[in-house]
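The values are calculated or read from the model by the stated rules, or taken from the named source; none is laboratory data. The structure presented is a predicted model; accordingly, all values stated were derived computationally and were not measured. Positions of Cβ are generated from backbone atoms using ideal geometry, with glycine treated the same way; all protein chains shown enter the neighbour counts.
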């Protein structure tokens, strides 16, 4: 068995990318997450036999704001002290909670569409005639993640665990452009995720 440290950062990237990348968005404009893009991780598992069996890495409830500079340390703490058998792990299965918290805005011409602290369909407001200017009720909105979209399995990985050597994994999240709109209808999409390992 080998302790896993940086391995989790890869898992967070895989979770969010796998869960969110299935959405097809029509983009006419895009905006950034303004410091808040939070999901709750409830279970992380990995497999080295193409998904026949899984090893649980984490089970509980931990909110992770990937738009925050502290996301990596919070995420890494979820698997601190976990031991994995030596081998090559080829997939990750992750389960997230029912909500996504987001604060951000996008422009539709001279109108700013922004999160207003509401929920789902009531989570957006507009400020007409004022591009890049959210209204006074600008806040973090809560969006429900459909039950069928809360578990994601990502395959095609090749993360090698060797005796006494923990892999070094670097994950970078970019929430630029996660809010989009088409014809004034806002959508929330996936952050870009860059994963490298040594």
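State whether one or more residues within region 99-107 are assigned to a loop (DSSP other than H, G, I, E, B), in contact with a strand residue (DSSP E or B) (Cβ under 9 Å, 6 or more places away or on another chain) and either within 21 Å of residue 154 (Cα to Cα) or modelled with pLDDT of 95 or more (or both).
No, region 99-107 contains no residue that is assigned to a loop (DSSP other than H, G, I, E, B), in contact with a strand residue (DSSP E or B) (Cβ under 9 Å, 6 or more places away or on another chain) and either within 21 Å of residue 154 (Cα to Cα) or modelled with pLDDT of 95 or more (or both).
As an exercise: evaluate residue 116 against (1) under 26 Å from residue 182 (Cβ atoms); (2) in contact with a helix residue (DSSP H, G or I) (Cβ under 7 Å, 6 or more places away or on another chain) and give the number of the one condition it does not meet.
(2)
Answer yes if at least one residue in region 27-36 is modelled with pLDDT of 75 or more, in contact with a helix residue (DSSP H, G or I) (Cβ under 7 Å, 6 or more places away or on another chain) and assigned to a strand (DSSP E or B), and no otherwise. Reasoning before the result, please.
The initial filter retains those residues of region 27-36 that are modelled with pLDDT of 75 or more, namely 34-36.
So of that shortlist, the ones also in contact with a helix residue (DSSP H, G or I) (Cβ under 7 Å, 6 or more places away or on another chain) come out as none.
Within region 27-36, not a single residue is modelled with pLDDT of 75 or more, in contact with a helix residue (DSSP H, G or I) (Cβ under 7 Å, 6 or more places away or on another chain) and assigned to a strand (DSSP E or B).
Filter region 126-149 for residues that are under 24 Å from residue 45 (Cβ atoms) and either in a strand (DSSP E or B) or modelled with pLDDT of 85 or more (or both) and give the result.
Residues satisfying the conditions are 144, 145, 146, 147, 148.
Hey, does region 6-14 have a residue that's modelled with pLDDT of 80 or more and over 30 Å from residue 111 (Cβ atoms)?
Step one: of region 6-14, the residues modelled with pLDDT of 80 or more are none.
No.
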